[in-house]
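Report on the structure given below.
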Amino acid sequence: MSNKTAKWIFYVGTLTSATLFLILTWDTHRQIAALTHAEQLSDEVVAGKKVFQKYNCNDCHTILGFGAYYAPDLTKVYQRRGEDYIRRVIAKPEVVLANSFRKMPQQHVSSSEIDKLIPFFRWVNGIDTHDWPPQDSRKKPLAGAERLVSGSTLSLGAALFKENNCFSCHKLHGVGGDVGPDLDGVGSRLDLETIKKQISDPQSVKQGSEMPAYPELSPQDLQAIAEFLVHQKGGAQ
Amino acid sequence: MITYNSQRVAYPYFVVALLLFGLQVLMGLWLAINYAFTLPQSLVNAFPFATARAFHTNLLVLWMLLGFMGGTYFMVPEESRSELFSNRLAYFQLVLLVGTGVTALIGFLFGWTQGRPLLEIPFELDLVVVAAALIFLFNVAMTLIKAKNWTMIQGTLLGGLIMLALLYLFGIPFYRNLSVDWYYWWWVIHLWVEGAWELVTGAIMAWILMQITGVPRQTVEKWLYVEIGLFLFTGIAGTGHHYYWLGAPTYWLWVGGIFSALEPLPIALMVWDTFRYIKGGQHAISNRVVWTFAIGCVIYHLIGAGLWGFIHTLPPINYYTHGSQVTVSHGHLAFFGAYALLNLTIFYYAIPRIKMIEKFNARPGLLGFWVSGIAMFLMGLAFGVAGVLQTYLERVLGLGYMTAQAQMQFWFKVVIAMGLIFLIGVIMMIYDLLTLKPASQEHGNA
């Protein structure tokens, strides 16, 4: 190869790639408003982003898959965990994650700051990430939670159990969170009425319970969830 | 042996870089302990993982940049055949950077952070970094201008350093839109490690090989053009492999996928060039340590950055591995292979010359190389196994994040064990480099 050819490889290679990259960057800027629903990117959301940065959340959690890998990805946390759980875990990580073998620091995030984080996570949840991450995909049903609902225990109660984010805190057949008690075999421990009371008004069963109340559930839905749970017999695994 | 007195300014850069390297590895071990064991809430509150991680990554960036800068100050006088424009500026700039680094680390402990991974340092400190970078570039450029002895290797080095400084600017502003924020975050991180830093690597590696093998300059410069041409061709558009899932258009899956699949090519060329130069060189290899580190660097670079990167930037695979421990595995192997070993190559080349040592005992350096190199490789594999487990359990089976992490515990313990061995290797190299002495006649086999 001659010296001249080598120089040409350098100039042509660099310029082609840089040109392509800059053109696509320009086009990405044209499209990104639509892909990220920029019309919903309010000052409130931006304030939430600032809180997210202030507490360095991103050096434990990933978001859009970027950051540190020490804690769950937050891209779809709004859909996966729901607003109530997000509030509680940030305000009282030492209580909510008491049983978790990995802890989250108590950073004394004020409630007005948490109020800002919620719209931020709601907005991030809406970004078109081409169906990433796979664990939160609605298009590709995953084996764990979905199979539990649609397979062995196909019932209205099971579907409602999932829809109301009970898995965020409770584990069933090895799937779900560590915040509340494991519900395997709960039907052997509690009767139907106690389960119903526990869901609609936890304080009435146990004073100081950390579980949020679900008074908005219709009586039929409450009955269906409680029936589903009371059929979970046998000892806890 | 140094020819120009001002080459000595490189030495304090190397010393600080080595000490920060040691601290970075210690912090890494602490992070691994966080992964493998349950720590009490009070400790987590006082010193969160996030802070320790900011230490680990910022120390990495700082020591590597100091190594590059020291390497540049060492190389430029000899290449341009003149003393540096100003030794004082070089020292001042070092003080400025180290001061910023120490302030940043203390600030992290008190929550003074921008909260963006790797770019955590607050805006005020960003300005100091920019000032230091400008002083550095000014000093180097003035040296070259006054010497009027332009070479292609210097051009590549200076080009890489200017690119490095310019790209840093994209990381400074506050972006309202998270997707746009990450879009430009990668202009700093990706275009550094797969653009600007590769230019610096290409130039320094070519220069050292030219010095130790005596291969003619024309040959080295010709192939350097091809290398950096391919690096920039694949690297610039290859940035697209970070844009798959952040809310950007779908064409990035194609552009990122294709260009990053080509990214191993320039590294392979670099390996081939290195072997050819060493085989066809005029000089007998007099410094076996530099030779070992140089070859180790290019091969490790090819495996860690090239092969590992290739495997997990293919979009259908990346859909499952993105942001998992697979990324961690790639990050460790690539940074160690490409840039830690490059810096160590520079140190082993330059420090004996600055200390006017002709021959030194090669054994501690070689031992440090093999111990740290093998330990890091096994650590990378352990991260990789953990990553494959995570990918399958969390992202294919749909188990909860922590349920999946629980199954990975064993591999994090392996990481700790390998980290300890790695630390031993690193301490051996640091100690050896800081205490180099001329070998006595009978042991003079360096």
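Tabulated results
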| quantity | calculated |
| --- | --- |
| Given (1) more than 11 Å from chain A (Cβ to nearest Cβ); (2) farther than 22 Å from residue B:335 by Cα; (3) in contact with a Gly (Cβ under 9 Å, 6 or more places away or on another chain), index of the condition residue B:211 fails | (3) |
| Sole exception among (1) touching a Leu at 6+ places or on another chain (Cβ under 8 Å); (2) of a type in the set (Gly, Ala, Ser); (3) away from chain A (no Cβ under 14 Å) for residue B:104, by number | (3) |
| Looking only at the range A:35-49, and only at residues there that are more than 7 Å from every other protein chain (Cβ to nearest Cβ) and free of Cβ contacts under 8 Å to residues at least 24 places away in the same chain, the one that is surrounded by the fewest Cβ atoms within 10 Å (Cβ to Cβ) | A:39 |
| Leading residue by the ranking (nearest to residue B:74 (Cα to Cα)) among those in the range B:90-111 that are surrounded by 15 or more Cβ atoms within 10 Å (Cβ to Cβ) and of a type outside the set (A, V, I, L, M, F, W, C) | B:93 |
| Sole exception among (1) away from chain A (no Cβ under 11 Å); (2) of a type in the set (A, V, I, L, M, F, W, C); (3) over 24 Å from residue B:271 (Cα atoms) for residue B:187, by number | (1) |
| Test: residue in the range A:103-120 that is surrounded by 21 or more Cβ atoms within 10 Å (Cβ to Cβ), in a helix (DSSP H, G or I) and within 9 Å of chain B (Cβ to nearest Cβ) | yes |
| For residue B:170: the one exception among (1) part of a helix (DSSP H, G or I); (2) in contact (Cβ under 8 Å) with a residue 60 or more places away in the chain; (3) within 12 Å of chain A (Cβ to nearest Cβ) | (2) |
| Members of the range B:357-404 found to be aliphatic (A, V, I, L, M), surrounded by fewer than 19 Cβ atoms within 10 Å (Cβ to Cβ) and touching a Gly at 6+ places or on another chain (Cβ under 6 Å), listed by number | B:397 |
| Candidate set: the range A:64-76, residues that are more than 7 Å from chain B (Cβ to nearest Cβ) and of a type outside the set (Gly, Ala, Ser); chosen: the one surrounded by the most Cβ atoms within 10 Å (Cβ to Cβ) | A:75 |
| Residue list for the range A:132-143, restricted to those being assigned to a loop (DSSP other than H, G, I, E, B), in contact with a helix residue (DSSP H, G or I) (Cβ under 8 Å, 6 or more places away or on another chain) and of a type outside the set (Lys, Arg) | A:132, A:133, A:141, A:142 |
| The range B:264-297, residues that are within 26 Å of residue B:358 (Cβ to Cβ), in a helix (DSSP H, G or I) and of a type in the set (Val, Ile, Thr) | B:274, B:278, B:289, B:290, B:292, B:295 |
| Filter result for residue A:85 (farther than 24 Å from residue B:255 by Cα and not in a helix (DSSP H, G or I)) | no |
| Tally, over the range B:112-125, of residues that are in contact (Cβ under 8 Å) with a residue 24 or more places away in the chain, within 14 Å of chain A (Cβ to nearest Cβ) and surrounded by 14 or more Cβ atoms within 10 Å (Cβ to Cβ) | 7 |
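Taken together, the values in this text are just the output of simple stated rules run on the coordinates, not laboratory data. These numbers come from a predicted model, not from an experiment. Here Cβ is always computed from backbone atoms with ideal geometry, including for glycine, and neighbour counts include all displayed protein chains.
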